[in-house]
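Written below as structure tokens is the structure these notes are about.
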There are 2 protein chains.
Amino acid sequence: MPDTVRIETAKAETTTFREVMAEILQRITEGPWGPGTLLPGEVELAEEFGCSRTTMNRALREVSELGFLDRKRKAGTRVRMAPIRQARFEMPVVRAEVEKTGAVYRYALVSREVVVAPDWLRLRMGLKARSRVVHLICLHFADGVAFQLEDRWINAGALPQALEQDFSEVGANEWLVATVPFSEVEISFLAAAADAGMVAHLDHALGDPVFCVERATWWQNAAVTLVTLAHRRGYRMTTRY
Amino acid sequence: MPDTVRIETAKAETTTFREVMAEILQRITEGPWGPGTLLPGEVELAEEFGCSRTTMNRALREVSELGFLDRKRKAGTRVRMAPIRQARFEMPVVRAEVEKTGAVYRYALVSREVVVAPDWLRLRMGLKARSRVVHLICLHFADGVAFQLEDRWINAGALPQALEQDFSEVGANEWLVATVPFSEVEISFLAAAADAGMVAHLDHALGDPVFCVERATWWQNAAVTLVTLAHRRGYRMTTRY
DNA sequence: ATGTTTATTATGTCTACACATAAGGAGTCG
DNA sequence: CGACTCCTTATGTGTAGACATAATAAACAT
């Protein structure tokens with residue numbers, strides 16, 4: 001095999017998909033495969049790299065999942081013009097997030113009421129007129145200090161069980177993940193001005209910038225819950241890759 | 001095959017890894033495999049599902065990547081106590097983000113200076129004493145309206161070419177992705193209070209909540225750049241999954 | 001009781017091959 | 001010229017089988 005690019009390692013005789021990935025990434029980022037390049041087919045590449053098509057397929061698939069390649073049947077594999085640099089944020093349960101820092105976690109229910117969904121909520125979640133919802137305000141503490149203020153709406157039409165839960169002991173989030181299966185989720189991050197509720201429960205002055213996470217959840221096209229999580233002063237959501 | 005759980009479809013005789021995934025997810029979320037459960041081995045499962053171990057492996061791997069399972073050699077596959085719900089945010093180049101909405105993109109350089117890195121920056125990026133950095137302030141417009149204010153520091157020690165670039169035409173981000181290969185990145189999302197610079201260039205009043213993205217980049221353990229992107233009023237970063 | 005070696009086992013990954021499927025492109029027909 | 005069909009092609013995914021590797025558990029020696 002004269003033209004083989006097989007990367008030799010001490011023990012391995014085979015080319016692993018990780019090695020192939022590394023080489024592909026290098027060719028994309030500093031090598032000859034600039035943005036827009038159409039790569040050779042899997043068979044050809046497999047031959048060149050001295051591996052099976054299965055392995056080449058795996059490597060290409062993973063690189064594609066990293067956001068560097070665009071793959072289409074018949075059309076082939078193409079280097080993305082602008083690599084999609086994607087940030088993956090793990091959204092842990094608050095409890096886990098707090099306990100990871102070594103702090104003691106505490107949960108408290110501030111208020112709970114069952115109401116007819118206000119218009120803006122009906123619009124936002126696509127509810128029917130006069131839908132009933134459970135509205136919760138909860139607090140999450142880290143070492144006794146308020147860490148996160150949770151403002152949650154639960155669609156009682158989709159989840160009648162929510163009407164019987166009082167949520168004074170079990171957090172709504174933990175109850176939901178245990179009750180509702182797999183669901184479609186929309187998450188937004190935004191900066192909001194602290195309102196009266198946030199001032200009352202978090203360490204904010206009125207109008208202060210507050211980092212908020214808004215999460216809407218559906219299950220089988222039915223809205224389940226909409227929650228806004230307001231964080232304490234100076235909170236950052238960080239990830240590395 | 002009496003105990004086979006093969007999901008029958010009209011045409012397919014084989015059980016696909018997607019079908020297996022769906023069934024596994026169902027068993028985790030509403031079925032008998034609650035949090036902490038140790039699953040049977042791949043061979044056993046493959047037999048039960050009427051597929052090859054290869055397919056079962058693929059299915060389990062993907063479910064694991066979704067954050068529901070924890071896999072370890074010899075130890076086996078276990079259902080995570082708290083499924084890691086992860087949000088993936090695509091971080092497009094600003095130009096692409098603007099143009100996707102149909103708006104016209106425009107770039108402008110506000111200021112450019114070469115200075116000795118201030119202490120807080122040295123600390124933040126791990127620079128040597130008296131390191132020189134290029135400090136840029138840039139603006140990104142959508143349909144003529146300021147969309148994003150970019151405050152960027154580039155380590156001239158690691159990237160001497162930056163000293164010769166004037167960045168009046170080419171955006172620093174686009175120049176960097178074309179110049180620096182693959183790198184390690186730390187991204188933070190935070191809510192900040194609008195300062196004088198943001199008020200001057202974005203549609204903010206002093207102290208307004210501003211959604212900011214801070215991104216630090218390294219290459220081979222050398223700091224490359226630190227950038228803060230301040231967004232216009234009402235900006236949200238959203239993703240679905 | 002404690003540290004070290006060894007066996008066992010479940011997952012990790014490679015190979016070769018086969019068929020499925022999507023989509024571009026050529027050819028055909030009105 | 002446009003709309004349709006059919007062929008070709010590159011990726012998508014399934015199978016069986018083999019070996020690699022990590023990590024636990026058991027056996028052993030100190």
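The values are calculated or read from the model by the stated rules, or taken from the named source; none is laboratory data. All figures in this text were calculated on a predicted structure; none of them were measured in a lab. Cβ: placed from backbone, ideal geometry, glycine included. Neighbour counts: every protein chain shown.
How many residues are facing another protein chain (nearest Cβ under 7 Å) and more than 22 Å from B:GLY144 (Cα to Cα) when one looks only at the range B:210-231?
Here the count works out to 0.
From the residues in the range A:47-77 that are near DNA strand D (Cβ under 9 Å from one of its atoms) and assigned to a helix (DSSP H, G or I), which one is farthest from A:PHE17 (Cα to Cα)?
Step by step, filter the range A:47-77, then rank; the result is A:SER64.
May I ask you to verify whether B:GLY34 is at positive phi and of a type in the set (Gly, Ala, Ser)?
no
Would you check if B:LEU38 is over 27 Å from A:ASN57 (Cβ atoms), more than 14 Å from chain A (Cβ to nearest Cβ), modelled with pLDDT of 85 or more and within 12 Å of DNA strand D (Cβ to nearest atom)?
yes
So how many residues does the range B:94-115 have that are under 16 Å from B:LEU136 (Cβ atoms) and outside any helix (DSSP H, G or I)?
Total satisfying the criteria: 9.
Exactly one condition in (1) over 27 Å from A:ILE187 (Cα atoms); (2) within 11 Å of chain A (Cβ to nearest Cβ); (3) surrounded by fewer than 15 Cβ atoms within 10 Å (Cβ to Cβ) is false for B:GLU184; which is it?
Every listed condition holds for B:GLU184 apart from (1).
Out of B:VAL79, B:VAL115, B:VAL63, I need the residue that is more than 30 Å from B:GLU44 (Cα to Cα), β-branched (Val, Ile, Thr) and touching a residue at least 12 places away in the same chain (Cβ under 8 Å). Which one?
The match here is B:VAL115.
Cβ-Cβ under 9 Å, sequence separation 6+ or interchain: first residue in the range A:43-59 and within 19 Å of A:LEU25 (Cβ to Cβ), partner among the hydrophobic types (A, V, I, L, M, F, W, C) and within 8 Å of DNA strand D (Cβ to nearest atom). Which pairs?
A:LEU45/A:LEU39; A:LEU45/A:LEU60; A:CYS51/A:LEU45; A:MET56/A:VAL43; A:MET56/A:LEU45; A:ALA59/A:LEU45
Only one of (1) buried (at least 20 other Cβ atoms within 10 Å of the Cβ); (2) aromatic (Phe, Trp, Tyr); (3) away from chain A (no Cβ under 12 Å) fails for B:PHE141. Which number is that?
All conditions pass for B:PHE141, except number (1).
Can we say A:GLY234 is within 10 Å of chain B (Cβ to nearest Cβ), in a loop (DSSP other than H, G, I, E, B) and under 23 Å from A:GLY144 (Cβ atoms)?
When the stated conditions are applied, A:GLY234 passes them.
Could you please let me know if A:THR239 is within 10 Å of chain B (Cβ to nearest Cβ) and in contact (Cβ under 8 Å) with a residue 40 or more places away in the chain?
Criteria met by A:THR239.
Would you mind finding the one in A:GLY102, A:GLY126 that is at positive phi and in contact (Cβ under 8 Å) with a residue 24 or more places away in the chain?
A:GLY126
May I ask you to verify whether B:GLY126 is away from chain A (no Cβ under 14 Å) and within 16 Å of DNA strand C (Cβ to nearest atom)?
Criteria not met by B:GLY126.
Given the criteria surrounded by fewer than 17 Cβ atoms within 10 Å (Cβ to Cβ) and in contact with a strand residue (DSSP E or B) (Cβ under 7 Å, 6 or more places away or on another chain), does B:THR37 qualify?
yes
Considering only residues that are of a type in the set (D, E, K, R) and surrounded by fewer than 17 Cβ atoms within 10 Å (Cβ to Cβ), look in the range A:195-235 and name the one that is nearest to A:TRP153 (Cα to Cα).
Checked the range A:195-235; the qualifying residue nearest to A:TRP153 (Cα to Cα) is A:ASP195.
One line per residue, one yes/no per condition, for (1) within 11 Å of DNA strand C (Cβ to nearest atom); (2) in contact with a Lys or Arg (Cβ under 7 Å, 6 or more places away or on another chain); (3) at pLDDT 95 or above:
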position	(1), (2), (3)
A:GLU13	yes, no, no
A:THR16	yes, no, no
A:ILE28	no, no, no
A:THR55	yes, no, yes
A:ALA82	no, no, no
